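Beneath this line is the structure, given in structure tokens, with notes to follow.
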Amino acid sequence: MSDPYETTEQHLERLLRRALNSFDLPDSTMERLSTALAHSSSLHSSHHSATLHRETYRHTYLLSDGSALTLWELVRGGPRGAGHPDTRQHELYDDEADAHIAAARLTGGLWEAPDFGDAGAQADLEILSALMAAPPPPLPRMYAPDNSADHARRVLRRAENGDVPGEATADLLRAAFAHHITQVFGRQCQVDGRNAGFTLYEHAFLLLDGSETSLWEVEHTATPDGRHMCEVYGDEEAARGAMESRTRIC
């Protein structure tokens, strides 16, 4: 990944230029990165199969104030070799948890959906039942104080649904100082004759007054062109209802 003749400034510029989501990085992160003096890159994890090649890289920067900042780069692509063009895409995260979620989304099914063949109506009914089933008792939350207000802002900003939680929720989450992310649901089904994946995440936030609130994020590929889409809701019932409505055409 690293070029020994490349300066830290050049390395960072190349990293940001090729990332599809570099605009999602917080302004505070970009300001700190502007003071980077040195860097180190290493492979953190990888997954390779017939349909997916995925690597996660860790890029650590030494800043002028003596602190360190890490960016997590997710590189994904389809089959490689003769007859397969290079389709690698790059994403950047300054939050390790976000990088893990993005990697799990790929290897957990959104890229590797099984072939349902002639599973029939019974399989569809089972999928719909699972979508609306009561979730298992949750594990105790382990809140992590890590720019949680900014994490909430980014979750809301990437939502594409028209009924995303409004300004009142955004104002409330400005008081978030810790958060916990849980994958609640993950499943694939056929939508309009092709495979689509659904994943539901709860982003739970601990506020300054000791209260808790959550955002419910639905990630799916049940779009006309099969692209990945993110929707965010203020409660679990609305999120599961949105998933159910998208699977009614299965």
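All of the numbers you see were taken from the coordinates with simple rules; none came from a lab. Quick caveat: nothing in here was measured; it's all calculated off a predicted structure. Backbone-built Cβ (ideal geometry, glycine too); neighbour counts: all protein chains shown.
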Counting Lys and Arg as +1 and Asp and Glu as -1, what is the net charge of the other residues whose Cβ lies under 9 Å from the Cβ of TYR201?
-3
By per-residue mean of other Cβ atoms within 10 Å, what is the highest-first order of 145-157, 62-74?
145-157, 62-74
By its C-alpha gyration tensor, with a ≥ b ≥ c as the square roots of the eigenvalues, how is the range 8-110 shaped: rounded for a/c under 1.5, else prolate for a/b larger than b/c, else oblate?
prolate
Sorting check: for 8-15, 218-225, which peptide has the highest mean count of neighbouring beta carbons within 10 Å, and how do the rest follow?
218-225, 8-15
Go through the range 232-237 residue by residue and turn each phi into a ³J(HN,Hα) via Karplus (6.51, -1.76, 1.60, θ = phi - 60°); whole Hz please, and just put x for glycine and proline.
10, 10, x, 8, 5, 4
Quick one: putting +1 on the C-beta of Lys and Arg, -1 on the C-beta of Asp and Glu, what dipole do you get for the range 8-110 around its Cα centre, in Debye to the nearest 20?
560
Burial-style ranking of 205-215, 229-239, average other-beta-carbon count within 10 Å with highest first, yields 229-239, 205-215
Förster radius 25 Å - calculated FRET efficiency between GLU244 and ASP24 (Cβ-Cβ, nearest 0.05):
0.30
Computed over the range 167-248: relative contact order in percent, which uses C-alpha pairs under 8 Å that are six or more apart
23
Work out the charge dipole of the range 142-250 with +1 on the Cβ of Lys and Arg and -1 on the Cβ of Asp and Glu about the Cα centre, then indicate which of TYR143, ALA242, HIS203 is farthest towards its positive end.
ALA242
